[in-house]
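A.B. asks: The structure is given below, and queries will be raised subsequently.
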Amino acid sequence: MDAKLGCLTRVRTATTVFTAIFALMAAMVVTLVAPAPAAHADSALDSEEATFCNLINDYRGQNGLQPLRVSFSLDTAADWLSTDMAQKNYFSHTDSLGRDAFQRMTAFGYGYATSKGENIAAGNSTAMATFEQWRTSPPHNTNMLNANYKVIGIGRAYDAAGTYGWYWTTDFGGFVDGGSPCPKVDQTISFPPLANVVYGDPALTAAATASSGLPVSFTSTTPSVCTTSGTNGAITLVGYGTCTIRADQAGDSTRNPAPPVVNSFTFSKKPLTVRAVDAIRPVSTQNPAFTATYSGFVNGETLATSGVSGAPSCTTTATPQSPAGAYPISCAVGTLASANYTFTMAPGTLTVSNTYNALSPARLADTRPGQMTVDGAFAGGGAVPGGSTANLTVTGRGGVPATGVGAVVLNVTAVDPTTPSYLTVWPAGETRPNASNLNFAAGQTIPNLVIAKVGANGQVSIYNNAGATHLVVDVAGWFPTGG
C-alpha cells in the first residue's frame, strides 16, 4: 500500500486567524473531551519518535531555525490521533470525534492563541522514512521549517488491520508550554568478529559501525599483545597471546553513548615444518648424519635470516646390523628455538640397501654463474625456466660407472627460485610422472634426496614447473642394473 500524507497549518496573531496550505473542513466547536491515551501518559517518546525529534531539529538547525521542544499536551494530542487512525482505519486531520487538528490540540490542553500546524503520514514505521515523506512534500516541509513554531508533539501507532499499518502525527505550536528538549536516541555498535592471526599475516584492521552513523573509536585492553587507538581501527601487534579490542561510540548532543562491544582474537607464532631428509646407506655400515629441511618461512625470511637457532635431533631405529629395508627417520625439536616460529616435525626415510654403492659426494650440475662441477660439464648454464626440462648426464661422472647403472642417488637443490614451484626427477626418455620430488617457495634454497632410475643416454630429466630456479645436483651413490 502506498504511503499517505496530510498537512494543516494555522498562523494566529493577536487579532487575526489565517488558514494556510488547505483546510480539511470548516472550524467546529467541539465540547467533547477525549480520554487521554494509555501510551505517552508520561510524555515519553519511543525510540523512533525520539529519532524523528532529533531529525527535525537537525534539519531546522541546518536551515537557521531554533530547535523544537517536546510539548506534553501536543505529544498526547498527536499520539491520540495516530492511535485513533490506526485502530479505526482512517486517514484524516478530522478525527473520529469530528474535531479538526486545532480543536483536538485544545482538547488536550494546548489552546493558546499562537501559530499551530499538523502533519500526518502513513505507511512507514521508521522516523527516517517518515521524515523523508514530509521533507519531499512542499507543504509538509513548510510546516517542519516554520520559524514560528517552538514546540512539537510526535505520535506514531500501528494496527495490523489498518490500511497503512503505521500512522504518524506531528503537532506544532508557537507557544512554549513547558516541555523538554528532544530525548537522546539510543544507538548500537556492530563489530564483526576478528580472525585469529599468525606471524607473517597481513596487518589487521578493526571495522565497526554505529547505528547512528557516528564514527566508532577503538582501544586495546591488552596492550602487551596489541595496540590501537582512534577511529581508523589499525591494530599493531606487539606480542603473542590474546588481543582484546573494545569499540566505543561516545554519543553526541542527540544520541546516547552506545554500549561498548568487545572482540578478541589470538596472535600466534607461525608454524614451520621441519622435515627429515631421506638418506641411504649400504648394509652393515654406520648410519649417516641426518639433516632436515625447513618450510613455511614468511616475510621473505630464510633459515639464515629468520632468527631460528639450534638444530633438530633426528634418529632412526636402524642399526648397523639391520637388514636391508626402509626405516623411519624421526626428528625432535632438539635445540631449535625461535621468537616467531613454532616447529612441526615431519619424518623421513632411511633406505638400507645390500646393492647400494656409496660414493663421496660429487657435483654433477650447478647452473649458477661461475660455479664448477666435477668435470666442468653442466656448469653455469643459467636458471631453469618454468615449464622446461633439463636433461642431466649421470653415468660416467663423479664415480658413477658408465655402464651397468640402474639408478642413482642424487641430492637435488633448488637455489633462489623466483616463484613457488616444484621439481620432478625421472628417467630421461620416459613420460614425466605427475609427481614432485622437491617443493619450494620463492627465494628459498632447499635440497632433497632423490633416487632416480637412469634413462636413455645415461641421463635423468629434471622438470621445473614455474618461475625460474637454479639447480645444484650432487651424486651420492648408485645402484646396479637389477639391484
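The values are calculated or read from the model by the stated rules, or taken from the named source; none is laboratory data. In this text the structure is predicted, and so the values were computed from the model without any measurement. We place every Cβ from the backbone using ideal geometry, glycine too, and count neighbours over all the protein chains shown. Calculation scope for accessible area: heavy atoms of the full protein, side chains included, ligands and nucleic acids excluded. Shrake-Rupley method; radii C 1.70, N 1.55, O 1.52, S 1.80 Å.
A.B. asks: Within the stretch 178-204, how many residues turn out to be among the hydroxyl-bearing types (Ser, Thr, Tyr) and open to solvent by 80 Å² or more (accessible area, probe 1.4 Å)?
C.D. replies: The total comes to 1.
A.B. asks: Something else now. Just the residues that are over 19 Å from ARG281 (Cα atoms) and part of a loop (DSSP other than H, G, I, E, B), please, taken from the stretch 401-417.
C.D. replies: Selection gives ALA402, THR403, GLY404, ASP416, PRO417.
A.B. asks: Given the conditions (1) over 20 Å from TRP80 (Cβ atoms); (2) buried (at least 20 other Cβ atoms within 10 Å of the Cβ); (3) within 44 Å of the chain's Cα centre (by Cα), which single one is not true for GLY153?
C.D. replies: (1)
A.B. asks: HIS93 is checked against (1) touching a residue at least 24 places away in the same chain (Cβ under 8 Å); (2) surrounded by fewer than 16 Cβ atoms within 10 Å (Cβ to Cβ); (3) of a type outside the set (Ser, Thr, Tyr); (4) within 20 Å of GLY162 (Cβ to Cβ) and fails just one. What number does that condition carry?
C.D. replies: Result: HIS93 passes all but (2).
A.B. asks: Further, regarding this structure: What are the residue pairs meeting all of these: first residue in the stretch 330-352, first residue within 22 Å of ARG281 (Cβ to Cβ), second residue aromatic (Phe, Trp, Tyr), Cβ atoms under 7 Å, and 6 or more apart or on different chains?
C.D. replies: LEU350/TYR327; VAL352/TYR327
A.B. asks: Can you find a residue in the stretch 408-422 that is β-branched (Val, Ile, Thr), open to solvent by less than 20 Å² (accessible area, probe 1.4 Å), modelled with pLDDT of 90 or more and more than 49 Å from the chain's Cα centre (by Cα)?
C.D. replies: Looking through the stretch 408-422, at least one residue is β-branched (Val, Ile, Thr), open to solvent by less than 20 Å² (accessible area, probe 1.4 Å), modelled with pLDDT of 90 or more and more than 49 Å from the chain's Cα centre (by Cα).
A.B. asks: Please enumerate the residues belonging to the stretch 40-66 that are modelled with pLDDT under 95, under 20 Å from ASP186 (Cα atoms) and surrounded by fewer than 20 Cβ atoms within 10 Å (Cβ to Cβ).
C.D. replies: Passing the criteria: ASP42, SER43, ALA44, ASP46, SER47, ASP58.
A.B. asks: Give just the number: which of (1) part of a loop (DSSP other than H, G, I, E, B); (2) on the phi < 0 side of the Ramachandran plot does ILE462 not satisfy?
C.D. replies: (1)
A.B. asks: If a residue must be surrounded by 13 or more Cβ atoms within 10 Å (Cβ to Cβ) and out of contact with any strand residue (DSSP E or B) (no Cβ under 6 Å at 6 or more places or on another chain), how many such residues does the stretch 255-264 contain?
C.D. replies: 2
A.B. asks: Just one of the numbered conditions (1) open to solvent by 60 Å² or more (accessible area, probe 1.4 Å); (2) in contact (Cβ under 8 Å) with a residue 12 or more places away in the chain; (3) farther than 30 Å from LYS270 by Cβ is not true of THR403; which one?
C.D. replies: Failing condition for THR403: (2).
A.B. asks: So, one more: Residues THR222, THR169, THR209: which one is open to solvent by 40 Å² or more (accessible area, probe 1.4 Å) and touching a residue at least 12 places away in the same chain (Cβ under 8 Å)?
C.D. replies: Matching residue, one of THR222, THR169, THR209: THR209.
A.B. asks: Another question about this same structure. Pairs under 6 Å by beta carbon, first residue open to solvent by 20 Å² or more (accessible area, probe 1.4 Å) in the stretch 423-434, partner at pLDDT 95 or above and acidic (Asp, Glu), six or more apart or different chains?
C.D. replies: none
A.B. asks: From the list THR114, THR76, THR163, THR106, which one is within 26 Å of PHE175 (Cα to Cα), in a loop (DSSP other than H, G, I, E, B) and of a type in the set (S, T, N, Q)?
C.D. replies: THR114
A.B. asks: Restricting to the stretch 96-141, name every residue that is in contact with a Cys (Cβ under 8 Å, 6 or more places away or on another chain) and surrounded by fewer than 19 Cβ atoms within 10 Å (Cβ to Cβ).
C.D. replies: Matches in the stretch 96-141: SER137, PRO139.
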